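The values are calculated or read from the model by the stated rules, or taken from the named source; none is laboratory data. Just so it is clear, the model here is predicted, and its values are computed rather than measured. A quick note on method: Cβ atoms are made from the backbone with ideal geometry, for glycine too, and the neighbour counts reach across all protein chains shown. In case anyone asks, the SASA skips ligands and DNA or RNA and just uses the protein heavy atoms, side chains included. Shrake-Rupley method; radii C 1.70, N 1.55, O 1.52, S 1.80 Å.
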Amino acid sequence: PFCLSLAFLIYGYFEALNIRTERITIQTDKINKNLRIVQISDVHVGLIVRKHRIKKIVEKIKEVNPDIIVSTGDLVDAQIDKLNHIAEIFNEIKPYYGKFAITGNHEFYAGLNNAILFTEMAGFEILRGKGKIIDELNINIVGLDDLVSSKYNLNLNIDSSHLLRSFSNKRFTILLKHRPIIDRELLGLIDLQLSGHTHKGQFFPFSLVTRLYYRNNDSGLIKINDNSYLYVSRGTGTWGPPVRIFAPPEITVIDLIKKAKLR
């Protein structure tokens, strides 16, 4: 048992360093031209995920040349003192249409003000119960706070259904939401929800727990209905021990392809 555990820990340590590039393609007639989005999630910049890991993430992103970058929460961990130099590394990537982020639960654990400051220093626009219209692409990007905000009395009391109805559904609407929970009231108002949080369990057997808890919505691309998708990232960094077993870290490349409208 000891030798087996040690072997898994060594394997898990190196798997946690091996960031995969996952690619998905979605066709839609709502956009004006083809678009590439890169999603990062659950990076957990802090005591363990430091400069070396962030450089690897940034290099991976540079390789795919995205038009937009989104961070779907937990960019930071609980300890984020003296990390200005890491924010500067994120600033090496400046996609043409911008970088957008939302809060995860760890932004609140770390202290929301400090987490927001770090995220903005890293070049991200934070969407807390608001959205961004990019007319040139004919898309909406809308972000919601993580559910834990209410426990810290920092809930913005945003009606997500009302918020999304304020954006034209003639545009391709992307919802950034940390936890992969599908709100049935939002069906018909979004085309793609991007989430994280689960880490796909990060290591076995917790992967079984997340799969049961989120009813198979714990990782990958899920078709919600004929017109809507959910993508759940396994996460780009690690939380707790720097180990991943059968749940490698990822950056996600989402290619939106313009499809001819049916007449």
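Are there GluC sites (Glu not before Pro) in the range 115-152 that DSSP puts in a loop and that have at most 16 other Cβ atoms within 10 Å, and which ones?
Numbers: sites: GLU120, GLU125, GLU136; in loops: GLU136.
Taking the range 115-152 and a limit of 16 other Cβ atoms within 10 Å, the loop GluC sites (Glu not before Pro) found are GLU136.
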Karplus 3J(HN,Hα) series, Hz, for the range 202-213 with 6.51 cos²θ - 1.76 cosθ + 1.60 (x for Gly, Pro): 6, 8, 5, x, 5, 4, 5, 5, 5, 5, 6, 5
Sequence of PHE246, PHE100 when ordered by accessible area, the most exposed leading, probe 1.4 angstrom: PHE246, PHE100
CD proxy at 222 nm, helix term only [per DSSP H run n ≥ 4: -39500 (n - 2.57); per residue of the chain; nearest 500]: -7500 deg cm²/dmol
In sequence order, calculated HN-Hα J values of the range 43-50 (Karplus, 6.51, -1.76, 1.60; Hz; x Gly/Pro): 6, 6, 4, x, 5, 9, 7, 10
Cleavage-rule hits, GluC sites (Glu not before Pro), the range 47-118, DSSP coil, Cβ neighbours within 10 Å at most 13: GLU92
Virtual paramagnetic centre 7 Å along Cα→Cβ of SER166, amide N under 16 Å, in the range 115-153: 126-134, 140-145
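In what order, largest first, do ARG23, ARG179 sit by accessible area if the probe radius is 1.4 Å? Walk me through the numbers before you get to the answer.
Numbers: ARG23 140, ARG179 50 Å².
Highest to lowest solvent-accessible surface, that is ARG23, ARG179.
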Within the accessible area of the range 38-90 (1.4 Å probe), percent carbon and sulfur: 46
Cα long-axis angle, helix 112-121 against the chain (0 to 90 degrees, to the nearest 10): 80
Euclidean distance between Cα centres, the range 38-100 to the range 1-28, Å: 19
ASP145 accessible area, 1.4 Å probe, all protein chains in place, Å² to nearest 10: 30
Sites PHE14 and LYS223 - FRET efficiency at Förster radius 35 Å, r taken between beta-carbons, to 0.05: 0.55
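Skip the ligands, DNA and RNA, and give the accessible area per residue of the range 32-96 with a 1.4 Å probe, whole Å².
45
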Taking only Cα atoms of the chain, radius of gyration then Dmax in Å: 17.9, 65
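Beyond 17 Å, what percent of the Cα pairs of the range 120-263 remain? Don't skip to the end; give the middle numbers.
Numbers: 6795 of 10296 pairs.
Here the tail beyond 17 Å accounts for 66 percent of pairs.
On average, how much accessible surface per residue is there in the range 104-263, in Å², for a 1.4 Å probe, leaving out ligands, DNA and RNA?
Details: 7710 Å² over 160 residues.
Normalised by residue count, the accessible surface of the range 104-263 is 48 Å².
Heavy atoms only, probe 1.4 Å: what % of the accessible area of the range 153-226 goes to carbon and sulfur, would you let me know? Present the calculation step by step, with values, prior to reporting the outcome.
On the way: 2080 of 4120 Å².
Of all accessible area on the range 153-226, carbon and sulfur atoms account for 50 percent.
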Segment SER150-LYS130, length gained on full extension (0.36 nm per residue, minus Cα span): 5.5 nm
Viscosity 0.890 mPa s, temperature 25 °C, Stokes-Einstein D of the range 1-120 from Kirkwood C-alpha radius, µm²/s: 153
Per-residue ³J(HN,Hα) for the range 94-105, Karplus 6.51 cos²θ - 1.76 cosθ + 1.60, θ = phi - 60°, Hz, x for Gly and Pro: 10, x, 4, 9, x, 10, 10, 9, 10, 7, x, 5
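Which value, in Å to one decimal place, does the Kirkwood hydrodynamic radius take for the range 207-263 when every pair of different Cα atoms is included? Walk me through the numbers on the way to the answer.
Working: mean 1/r = 0.0722 Å⁻¹.
Value: 13.9 Å, from the Cα pair sum.
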Residue-span extension gain [GLU92 to ILE24] - 0.36 nm each, minus C-alpha spacing: 22.0 nm
